[in-house]
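Everything on this sheet refers to the single structure shown next.
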Amino acid sequence: QVQLVESGGGLVQPGGSLRLSCVASGITFSLYRMGWYRQTPGKQRELVADITSGGSTNYADSVKGRFTISRDNAKNTVYLQMNSLQPEDTAVYYCKSENYVRYFWGKGTLVTVSS
C-alpha cells in the first residue's frame, strides 16, 4: 500500500531552520508531483510548496525566499528546507503525492516556532 512518512518537525526558535523529509513507498515516486501543505486549527490546509516530476517548483507567497522544496528520486524522498522560521509558520506540515488520477497524504509532522 501507499505510505508517505514525514519527519523532521519539532520546536525551533524564531529565525531558526528545520528540514522536513517525506519518504514515499508504494508509488512510482519519480512520476508524481510532490507537495508540502500545512494546517493550523480552524483553518483550511494550504499549499506551502510543490515540485513536479520534472523538478519545477511552486511556492506560496508567504514562504518564497525562505523555504526550498527538493526531491531525490533515488531515495523516494521530498524535502522542505525551512529557513528564517517565524511563529506564523507554526502548523502541522503534510506531504502529498499526486498524479492525474489519484493522490495520497501523509499523517503530518508538527512544526512549532516559539521562543
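The values are calculated or read from the model by the stated rules, or taken from the named source; none is laboratory data. Because the structure is predicted, anything quoted here is derived from the model rather than measured. Cβ coordinates were reconstructed from backbone atoms using ideal geometry, including for glycine residues, and neighbour counts include every protein chain displayed. Note: accessible area is taken over every heavy atom of the protein model, side chains too, but ligands, DNA and RNA are not part of it. Shrake-Rupley method; radii C 1.70, N 1.55, O 1.52, S 1.80 Å.
Filtered by the rule that a residue be open to solvent by less than 70 Å² (accessible area, probe 1.4 Å) and either out of contact with any Cys (no Cβ under 8 Å at 6 or more places or on another chain) or small (G, A, S) (or both), the range 1-18 gives V2, S7, G8, G9, G10, V12, P14, G15, G16, S17, L18.
Search the range 19-31 for residues being open to solvent by 30 Å² or more (accessible area, probe 1.4 Å) and aliphatic (A, V, I, L, M), and hand back the single one that is modelled with the lowest pLDDT. Full working, then the answer.
We begin by selecting, within the range 19-31, every residue open to solvent by 30 Å² or more (accessible area, probe 1.4 Å); these are 19, 23, 25-26, 28, 30-31.
Then drop every residue that is not aliphatic (A, V, I, L, M), which leaves 23, 31.
Numbers: V23: 98, L31: 94.
Filtering first and then ranking leaves L31.
The sole residue among G55, G65 that is open to solvent by less than 50 Å² (accessible area, probe 1.4 Å), outside any strand (DSSP E or B) and without any contact (Cβ under 8 Å) to a residue 60 or more places away in the chain is G55.
Does W36 fit the bill of being under 17 Å from L4 (Cα atoms), in contact with a Leu (Cβ under 8 Å, 6 or more places away or on another chain), modelled with pLDDT of 95 or more and open to solvent by 30 Å² or more (accessible area, probe 1.4 Å)? Answer is no for this residue.
State whether one or more residues within the range 97-106 are part of a loop (DSSP other than H, G, I, E, B), among the aromatic types (F, W, Y) and free of Cβ contacts under 8 Å to residues at least 12 places away in the same chain. Checked the range 97-106: at least one residue is part of a loop (DSSP other than H, G, I, E, B), among the aromatic types (F, W, Y) and free of Cβ contacts under 8 Å to residues at least 12 places away in the same chain. Checked against (1) in a strand (DSSP E or B); (2) within 14 Å of W36 (Cβ to Cβ), T112 passes all but a single condition, namely (2).
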